[in-house]
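Just below is one structure, and these are the notes that go with it.
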Amino acid sequence: MLFKKNQYALAISLAKSQQYDEDGLIDIFRQYGDHLYAKGDHDGAIAQYIKTIGKLEASYVIRKFLDAQRIHNLTAYLQALHRKDLATEDHTTLLLNCYTKLKDKCKLDEFIMTKDREIHFDVETAMKVCRQAGYYSHALYLAEHHDQHDWYLKILLEDLKDYDKALKYISKLDFEAAEGNMKTYGKVLMTEIPEQTTQLLKRLCTDYNANQMSEKPLSTNPEEFIHIFVNNTERLLEFLEHMIKIRPTSSSLVYNTYLELCLKAYSKETDPAIKKKNEIKIMDMLRNSDASYSINQALVLCQMSDFKPGILHLYEKAKLYQQILFYHIENRDLDAIMRTCERFGSYDPNLWVQALWFFCQQEKNQKPYVITILNEVERNNLLSPILVVDIMAKSHTATLDLIKDYIIRYLQKENEQIAEDERLIKQYREETEKMRNQMEELRNNPKIFQVSKCSGCTHQLELPSVHFLCGHSYHQQCFESYSAEHDSECPLCLTENQKVLGIIRAQEQNKDLHEQFHHQLERADDGFSVVADYFGRGVFNKVTIVTESSRPATRNIDSLNPFETDM
């Protein structure tokens, strides 16, 4: 009856007095709101609809007030939704759009600037709407107070173009956040404010401690930020120079990039004083034992820039002595060629041979250089005289006078060697003949032992005793104590005898070294010397080893002593 007469206020009072259930009351509020809305009393209607929040679907009310003329009522309803924590992202977006359309900055401030009270909306949604509507200060406030660093920097850099403020903000963040944001926005900041950005990167890669809270400063890898300097090589050079100074153990990428930039600056520089300064700086880096640059890459960079000091230093560091020589040969630097041979000839004697070839091919007579080289070739026996003559014969400027002294000295040495060999041959023949006579004497004549003292203890020799053909005699007790393992050999002669037997066995084994012999013969400059060496080692001789079983039957095979014991 009351509903038909539109007596909703009375119906509400009656329902409350009769302890009407909540759902029933909500339905009355809805009907009352619909009635007021139909009459055009939008303020009254929205007041009733607010009472239905939590029970009545919010979209039912919102659809009624989407008209621009009723935006105030919609705003009131949306505010109530947020106060009761029942608003969705869409509700927040709609409320903020209402504020922006109404240009109600006070309400927007009241809604956004919630420093001392709990928020009732989705922060990211609010930031998006404020940013799209141009309320950047409100969006920044939300981003800053809710640690939305990415949003804060996007607004500063993309919308407000406030690069200084963005960089200061990053410098106050914790290490991980600062590192990540510099990787994201570093290029933009480097383009706009290169000096300040470079300084922050230096801190970030060496001793970053934004709030002085960490026990020790943190640092990141500088190579991860090299790409940021892509359009600013001057700042990159400054950055890398700082890193190398503070962190000498930086990675090879840091050193390689630094070297490349230094070489580019060196190549472009026209002022001799500055160019020399750059050269010193580059060489200091290349000589630095802590510098972990790639030698191969550094060599390529130096060659591309035609940086001679660096090329030669890297050749030397890599022990490429032949390359150093070829470099000077290519540049026709005669004195440098000689210095290279003198400095590195002990490591690579073949340098002298290469130098000899070069000087012999010159159109002008280079007698002083050739004489020096020939002396080294002779001193180190690097080439046979035949090869030296062959090289000199191909020269258009060399004369016989140039190698006359060398040939004479060589022939003199050969004559001296021949004389020495003949002397040794005669000596060995005499010694051999003497040994044959001794052997014949031992075979055919009795051996008289007249030693009066024991060769072991040096006391008077007494029976029982042991005698050897070498002339040593021992008490039987002394002999047994000396030679537990070698009971048939003289203890004093044992060591020397074993050496001789070892040499004989080695010579016997050398007879099977045909492959090694032919290999050395093919590679040798002087094949005759190889053959002579193998002859001297007995490779081509039939060697007979005298063993126990091969001794004459007149000897005791169990002992070198012809008299086992004297009893």
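Summary table below
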{"item": "Qualifying positions in segment 68-78 - among the polar types (S, T, N, Q) and in contact (Cβ under 8 Å) with a residue 24 or more places away in the chain", "result": "N73, T75"}
{"item": "Subset tally (residues that are touching a residue at least 24 places away in the same chain (Cβ under 8 Å) and loosely packed, with under 14 Cβ neighbours inside 10 Å) for segment 264-299", "result": "4"}
{"item": "Some residue of segment 190-212 being in a helix (DSSP H, G or I), more than 30 Å from I244 (Cβ to Cβ) and either within 31 Å of the chain's Cα centre (by Cα) or of a type in the set (D, E, K, R) (or both)", "result": "no"}
{"item": "Filter result (of a type outside the set (D, E, K, R), modelled with pLDDT of 70 or more and assigned to a helix (DSSP H, G or I)) within segment 510-533", "result": "Q516, F517, H518, H519, Q520, L521, G527, F528, S529, V530, V531, A532"}
{"item": "So I329, is it surrounded by 16 or more Cβ atoms within 10 Å (Cβ to Cβ), touching a His at 6+ places or on another chain (Cβ under 7 Å) and modelled with pLDDT of 90 or more", "result": "no"}
{"item": "Selection within segment 300-337 - part of a helix (DSSP H, G or I), touching a residue at least 24 places away in the same chain (Cβ under 8 Å) and of a type in the set (G, A, S)", "result": "G310"}
{"item": "Condition met for V500 (surrounded by fewer than 17 Cβ atoms within 10 Å (Cβ to Cβ), under 60 Å from the mean Cα position of the chain (by Cα) and at pLDDT 80 or above)", "result": "yes"}
{"item": "Sole exception among (1) in a loop (DSSP other than H, G, I, E, B); (2) polar (S, T, N, Q); (3) at pLDDT 80 or above for Q427, by number", "result": "(1)"}
{"item": "Lone unmet requirement of (1) within 40 Å of the chain's Cα centre (by Cα); (2) hydroxyl-bearing (S, T, Y); (3) outside any helix (DSSP H, G or I) for T340", "result": "(3)"}
{"item": "Failed criterion for I408 (all others in (1) part of a helix (DSSP H, G or I); (2) of a type outside the set (D, E); (3) touching a residue at least 24 places away in the same chain (Cβ under 8 Å) hold)", "result": "(3)"}
{"item": "Residue in segment 151-162 that is of a type in the set (A, V, I, L, M, F, W, C), within 34 Å of the chain's Cα centre (by Cα) and part of a helix (DSSP H, G or I) present", "result": "no"}
{"item": "Conditions (1) modelled with pLDDT of 90 or more; (2) out of contact with any helix residue (DSSP H, G or I) (no Cβ under 6 Å at 6 or more places or on another chain); number of the one not met by T249", "result": "(1)"}
{"item": "Residue match in segment 404-417 (condition: within 23 Å of M338 (Cα to Cα), buried (at least 16 other Cβ atoms within 10 Å of the Cβ) and either β-branched (V, I, T) or touching a helix residue (DSSP H, G or I) at 6+ places or on another chain (Cβ under 8 Å) (or both))", "result": "yes"}
{"item": "From the options L102, L173, residue that is in contact with a His (Cβ under 8 Å, 6 or more places away or on another chain), more than 26 Å from I46 (Cα to Cα) and either surrounded by 20 or more Cβ atoms within 10 Å (Cβ to Cβ) or not aromatic (F, W, Y) (or both)", "result": "L173"}
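The values are calculated or read from the model by the stated rules, or taken from the named source; none is laboratory data. The shown structure was predicted, so the numbers you read here are calculated from the model rather than taken from an experiment. Quick reminder, even Gly has a Cβ in these numbers, built from the backbone with ideal geometry, and neighbours come from all protein chains shown.
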